[in-house]
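The values are calculated or read from the model by the stated rules, or taken from the named source; none is laboratory data. Remember, it's a predicted structure, so these values are computed and weren't measured experimentally. Cβ: placed from backbone, ideal geometry, glycine included. Neighbour counts: every protein chain shown. To get the accessible areas, we keep the full protein, side chains included, count just its heavy atoms, and leave off ligands, DNA and RNA. Shrake-Rupley method; radii C 1.70, N 1.55, O 1.52, S 1.80 Å.
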Amino acid sequence: MTNIKVPSLDLKTQYKSIKPEIDAAIARVLDSCQFVLGSEVAGFEQEFAAYCGAAECIALNSGTSALHLALLAVGVGPGDEVITVPFTFVASVAAVVYTGARPVLVDIDPRSFTMDPAAIEAAITPRTKAILPVHLYGQPADMDPIMKVARRHGLVVIEDAAQAHGAKYKGRAVGSIGDMACFSFYPGKNLGAYGEGGAVTTSNAEYARTVRMLRDWGQDRKYHHVLRGFNYRMEAFQGAILRVKLRHLERWTEARRAIVGKYNQLLAGSGVERPTEMPWARHVYQLYTLRTDHRDTMQEALQKQGIQTGIHYGVPVHLQPAYANLGYRRLALPQSEKAAAEVLSLPLYPEMTNDQVETVSQALTGLTAAR
Ligand SMILES: Cc1ncc(COP(=O)(O)O)c(C=O)c1O
């Protein structure tokens, strides 16, 4: 094994930078002995709703739960169809399957890596209930045309914002654009808990009420179950930690964007296709994902030099064995399949040093020059 010179992620350095605040938050929860939901989670809900410009936030135990409950809240179920993309983390599609509905997959735009709005109309049938665009890597999907086609057909829009805390579309925060939005606070996300976490944001009071009930066994009051709900509650430790981290998020996002600026500059002329921040976007770069025809050899060569990279995602969901029964064949969604073969995510986290960014860029430029 080569020594790791640049990891793809470094949660420890970040923890050290905010240790006193985090430790105090954890101590507060221990003192309160209120371990599930409670005032820390309620406080986080208010603060995150305000951050997203949404009326409400419902804190949950994962981003997957957020997608599941958002879909249930709008009544998606067996016999329905939900339009989403195959070039995403599997949860976007899996959550639709959880409800008994059928995921209908449309291709992505190759520059933004997000849903191609022009592909939606042809995928709509009388069974379609919702559209679920994914703000992949931290870049918002092109929401105006998506909302327009949804409104024309009476469909609900649920944003998968799991990777996009703080991203903006034409100046508007994700989480406040669709009818509902779903976030993940998995530790490696831009706003990451120290365990599992997720949330739904919405400005629709009825959806909020339903999601709130569904996360806690469908109760409208204690032991009175009006809906068939779940145990999808957020733990108090995660709420308290997320409140601390939310206060630093904008600074961390700006640090990510500065690192991306440096990567973009150093990788100009390197032969790889650098990520594009679309004209509508404030991209928050959960990932810095480039494209290259030589992805696998490049990853291997970087690994040998101690540089960790990631592939997000190497097999689109429609070609995953678990989703073969959706009935999509190879080449059915060509842009997604091409992206899956070409993408490579470089190390990126707010605490990355200039030296680390230069080390990665030089290694990569050296590889392409030697080709
Ligand atoms: C695009 C996307 N959707 C949904 C999820 C699911 O979130 P979680 O892992 O918190 O369940 C993730 C998490 O990786 C994701 O990246």
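Out of all the residues in the stretch 176-192, which are near the ligand (Cβ under 9 Å from one of its atoms), surrounded by 21 or more Cβ atoms within 10 Å (Cβ to Cβ) and more than 18 Å from VAL74 (Cα to Cα)?
SER184, PHE185 - these are the residues of the stretch 176-192 that are near the ligand (Cβ under 9 Å from one of its atoms), surrounded by 21 or more Cβ atoms within 10 Å (Cβ to Cβ) and more than 18 Å from VAL74 (Cα to Cα).
Tally time: how many residues in the stretch 296-353 are among the hydrophobic types (A, V, I, L, M, F, W, C), open to solvent by 40 Å² or more (accessible area, probe 1.4 Å) and either touching a strand residue (DSSP E or B) at 6+ places or on another chain (Cβ under 7 Å) or not in a helix (DSSP H, G or I) (or both)?
Residues meeting the conditions: 4.
Taking the stated definitions as given, is ALA173 more than 16 Å from the ligand (Cβ to nearest atom), open to solvent by 10 Å² or more (accessible area, probe 1.4 Å) and farther than 29 Å from PHE48 by Cβ?
no
Against the conditions (1) open to solvent by 70 Å² or more (accessible area, probe 1.4 Å); (2) more than 16 Å from the ligand (Cβ to nearest atom); (3) closer than 23 Å to PRO7 by Cα, where does ARG212 fall short? Just the number, please.
The number of the failed condition is (3).
Please work out which one of (1) open to solvent by 20 Å² or more (accessible area, probe 1.4 Å); (2) over 21 Å from THR84 (Cα atoms); (3) more than 11 Å from the ligand (Cβ to nearest atom) is the condition GLY195 fails and give its number.
That leaves (3) as the condition not met.
Just to be sure I understand, how many residues within the stretch 79-105 are at negative phi, part of a loop (DSSP other than H, G, I, E, B) and either small (Gly, Ala, Ser) or within 13 Å of the ligand (Cβ to nearest atom) (or both)?
7
Taking the stretch 308-346 as the search range and keeping residues that are touching a Leu at 6+ places or on another chain (Cβ under 9 Å) and of a type in the set (S, T, N, Q), which one is nearest to THR88 (Cα to Cα)?
The selected residue is SER336.
Name the residue that is least open to solvent (accessible area, probe 1.4 Å), counting only residues in the stretch 3-45 that are hydrophobic (A, V, I, L, M, F, W, C) and assigned to a loop (DSSP other than H, G, I, E, B).
Only one residue fits best here, namely ILE18.
Given the criterion of a type in the set (A, V, I, L, M, F, W, C), at pLDDT 95 or above and closer than 12 Å to CYS57 by Cβ, identify the matching residue among ALA205, ALA193, ALA199.
Unique residue meeting the criteria: ALA199.
Would you point out the residue of the stretch 108-122, among those that are open to solvent by 10 Å² or more (accessible area, probe 1.4 Å) and in contact with a strand residue (DSSP E or B) (Cβ under 8 Å, 6 or more places away or on another chain), that is nearest to VAL284 (Cα to Cα)?
So the residue we want is PHE113.
How many residues does the stretch 123-145 contain that are within 18 Å of the chain's Cα centre (by Cα) and either open to solvent by less than 10 Å² (accessible area, probe 1.4 Å) or free of Cβ contacts under 8 Å to residues at least 12 places away in the same chain (or both)?
12
Is it the case that the stretch 200-213 has a residue that's in contact with a Cys (Cβ under 7 Å, 6 or more places away or on another chain) and of a type in the set (S, T, N, Q)?
For the stretch 200-213, residues in contact with a Cys (Cβ under 7 Å, 6 or more places away or on another chain) and of a type in the set (S, T, N, Q): present.
Examine the stretch 232-248 for a residue that is away from the ligand (no atom under 16 Å from the Cβ), basic (Lys, Arg) and open to solvent by 20 Å² or more (accessible area, probe 1.4 Å), and state whether such a residue exists.
Yes; the residues of the stretch 232-248 include at least one that is away from the ligand (no atom under 16 Å from the Cβ), basic (Lys, Arg) and open to solvent by 20 Å² or more (accessible area, probe 1.4 Å).
Between GLY327, GLY314, GLY310, which is under 21 Å from ASP116 (Cβ atoms) and in contact (Cβ under 8 Å) with a residue 12 or more places away in the chain?
GLY314
In the stretch 156-170, what residues are more than 9 Å from the ligand (Cβ to nearest atom) and not hydroxyl-bearing (Ser, Thr, Tyr)?
Of everything in the stretch 156-170, those that are more than 9 Å from the ligand (Cβ to nearest atom) and not hydroxyl-bearing (Ser, Thr, Tyr) turn out to be VAL156, VAL157, ILE158, GLU159, HIS165, GLY166, ALA167, LYS168, LYS170.
Can you name every residue in the stretch 123-145 that is within 16 Å of the ligand (Cβ to nearest atom) and touching a strand residue (DSSP E or B) at 6+ places or on another chain (Cβ under 7 Å)?
ALA130, ILE131, LEU132, PRO133, VAL134, HIS135, TYR137, GLN139, PRO140, ALA141, MET143
Residue by residue, here is whether (1) free of Cβ contacts under 8 Å to residues at least 24 places away in the same chain; (2) touching a helix residue (DSSP H, G or I) at 6+ places or on another chain (Cβ under 6 Å); (3) of a type in the set (Gly, Ala, Ser) holds:
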residue	(1), (2), (3)
TYR323	no, yes, no
LEU331	yes, no, no
SER336	no, no, yes
LEU344	no, yes, no
PRO350	no, yes, no
VAL357	no, yes, no
